[in-house]
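Here's the structure we're looking at; comments come further down.
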Amino acid sequence: MKNIKIALILALVVASLQFATAQKFGHINSQQLLLELPQIKTADQQLTEYQKTLMTKGEQMLKNLEANYNAYVTEANGGTLSQIQMQQKEGELAKEQQAIQAYELEVQNLLVAKREELYKPILDDVKAKVDKIGKDGGYTMIFDSSGGFLLHMDNSEDLMTQVRSVLGL
């Protein structure tokens with residue numbers, strides 16, 4: 001009985017070793033790959049242009065606030081405003097400042113959404129092509145070496161040339 005258990009354990013160990021050695025691994029550097037994609041460069045340019053458009057409105061809001069503040073200071077120092085009028089003007093200036101802060105948050109959200117809109121189809125395409133290379137090549141896993149977490153790549157193929165080719169680079 002003891003011999004049967006030992007033989008069974010040995011058979012399982014040998015089978016698992018054969019399975020482990022039959023696995024095929026590959027790796028790519030996604031950061032390097034993305035830097036090489038012309039679609040990413042185009043998306044970056046579009047994002048920069050969109051950001052400039054949004055910033056123009058924000059800059060105009062700041063100029064208006066500054067002009068209104070300077071007008072308020074001039075009127076307040078000139079003694080032409082009552083205490084109630086001063087409080088009203090200060091309230092208006094505070095509302096303008098809050099609107100600018102709200103717009104800053106809106107700009108951040110809009111930029112994140114635009115970035116997602118521009119990058120998602122590109123990243124989905126790259127992922128689909130890497131998946132296809134993995135399936136066609138019989139790879140068990142394809143690692144991303146750009147993250148810094150891959151410490152050892154023995155028996156792992158560099159698939160960058162293949163991925164570049166499939167992406168037309």
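What follows draws every value from the coordinates through simple rules; no lab data is involved. Just so you know, these numbers come straight off a predicted model, no measurement behind them. Virtual Cβ from ideal backbone geometry, glycine too; neighbours counted across all protein chains shown.
Listed values, structure above:
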item	result
Where a residue in the range 64-75 is under 15 Å from GLY91 (Cβ atoms) and touching a residue at least 40 places away in the same chain (Cβ under 8 Å) and its partner, wherever it lies, is outside any helix (DSSP H, G or I) and among the small types (Gly, Ala, Ser), with Cβ under 6 Å and at least six apart	none
Failed criterion for GLY138 (all others in (1) surrounded by 12 or more Cβ atoms within 10 Å (Cβ to Cβ); (2) in contact (Cβ under 8 Å) with a residue 40 or more places away in the chain; (3) more than 29 Å from the chain's Cα centre (by Cα) hold)	(1)
So VAL166, is it β-branched (Val, Ile, Thr) and either in contact with a Pro (Cβ under 7 Å, 6 or more places away or on another chain) or under 19 Å from ASN29 (Cβ atoms) (or both)	yes
Count - residues of the range 90-118 that are free of Cβ contacts under 8 Å to residues at least 24 places away in the same chain, closer than 30 Å to ALA76 by Cβ and of a type in the set (A, V, I, L, M)	2
